[in-house]
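Student: My questions all concern the structure below.
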Amino acid sequence: MMEGRCASLTKTALLAGEGLLPVAIAQSLALRGTPPTVIALGNTNPLLESLAERVLPVPRISMDGILRLIEREGCKQVILAGAVPKRWIFGGGPVDPETLAWIRTLPSRDDHALLGSIVALFQSRGLEVVPYRLLIPEALAPEGTIAGREPTEEEREEILYGIGIARRLVPLSFGQSLVVRAGAVVAVEAMEGTDEMIARAGRIFPGGTVVKMMRPDQDERFDVPTVGPQTLECMAQAGLACLAVEAGRTVILDRERFGQLAKEHSISVTGFLP
């Protein structure tokens, strides 16, 4: 069923933020013979130029403008992928006043609520929001050891402890990642993102385990947790040596480089079922 669903993709708009995730999705679409029209938000990866039907930069984010652009291009399906700084919703970035005013009308502006409202807005205009995880199944984390070495017994205990904490946090729409050590929480991810949370944990106390989990009722059409080479580079700089991610619900980008870095820095990467 997944393959059939993906094969039906035609004239797709890829609303692309920063990072490697939009590149992986665009590559998958291009290999299927349906390169996307990329609507570029922020500093998108230049590799998208060779994978897209066209790249349309959006220097100032306007929800109404983006919708009109998608409709003008004749796209019926939309994929949301890539990092967009959350601080922009407070006026700290290239977002137009009308969009900021619309955001302020929302009863909640956590990631789950905000992205859900954006999806609902797209759907109200007759657009289908496609879950990108169906396009890159090979990038989803498996259960068990993924890269690097096996976790130590101490790290296994930290993983179990971190999973228990994350189960309570992620339903509240924050804490998708956290760092734990020896039965204590060192740092919890909020608006700053995973990499900055890892750096902060390293400043507080080097060492420990990073645990990353998806909200149980998260809409898998968007915001699937993602890790990649940059995650491991940040961990190495912060003195963290174990990463545990939710199997089947975490995307691992650039697997070859990811594996090389895990080995090089002696980082244990493992997938768990919550």
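Student: With a 10 Å cut-off between alpha carbons and a GNM built on the chain, which of Pro57, Pro46, Pro36 moves the most?
Tutor: Greatest mean-square fluctuation among the candidates belongs to Pro46.
Student: Something else: Need the list of lysines near Lys76 for cross-linking: C-alpha distance under 19 angstrom, and skip anything on the same chain fewer than eight residues off.
Tutor: Lys76 reaches Lys11.
Student: Okay, moving on. Choose one answer from Leu106, Leu261, Leu115: the residue with the largest mean-square fluctuation in a GNM of the chain with alpha-carbon springs under 10 Å.
Tutor: Greatest mean-square fluctuation among the candidates belongs to Leu106.
Student: Let me ask something additional. Assuming R0 = 22 Å, what is the FRET efficiency of Glu138 and Glu233, from their Cβ-Cβ distance, to the nearest 0.05? Provide the component values of the computation, followed by the final result.
Tutor: On the way: r = 22 Å, r/R0 = 1.02.
According to the calculation, E is roughly 0.45.
Student: How much of the calculated P(r) for the chain lies past 33 Å, in percent of all Cα pairs? Walk me through the numbers on the way to the answer.
Tutor: Working: 8208 of 37401 pairs.
Taking all Cα-Cα pairs of the chain, the fraction more than 33 Å apart is 22 percent.
Student: I need His112, His265 ordered by Cβ neighbour count within 10 Å, fewest first. Walk me through the intermediate numbers first.
Tutor: Numbers: His112 20, His265 15.
Fewest-to-most Cβ neighbours within 10 Å comes out as His265, His112.
Student: Beta carbons within 10 angstrom, averaged per residue: use that to sort the peptides 198-204, 173-179, highest first.
Tutor: Details: 198-204: 19.1, 173-179: 23.3.
Taking the mean over residues of other Cβ atoms within 10 Å, the ranking is 173-179, 198-204.
Student: With the calculation restricted to Cα positions, what are the radius of gyration and Dmax of region 90-201 in angstrom?
Tutor: 18.3, 53
Student: Return a whole-number percent for the relative contact order of region 2-134, with Cα pairs under 8 Å and 6 or more residues apart as the contact set. It would help to have the intermediate numbers written out before the result.
Tutor: Numbers: 198 pairs, mean separation 35.7, N = 133.
Answer for region 2-134 is 27 percent.
Student: Okay, helix-only estimate at 222 nm for the chain: each DSSP H run of n ≥ 4 adds -39500 (n - 2.57), divide by all residues, round to 500 deg cm²/dmol; what do you get? Before the final figure, lay out each step's value.
Tutor: Numbers: 9 runs with 97 residues, N = 274.
Mean residue ellipticity, 222 nm, calculated: -10500 deg cm²/dmol.
Bear in mind these aren't lab numbers, they're just calculated from the coordinates by the rules spelled out. As the structure is a computational prediction, the values presented were derived from the model and not from experiment. Note: ideal-geometry Cβ built from the backbone for every residue, glycine included; neighbour counts use all protein chains shown.
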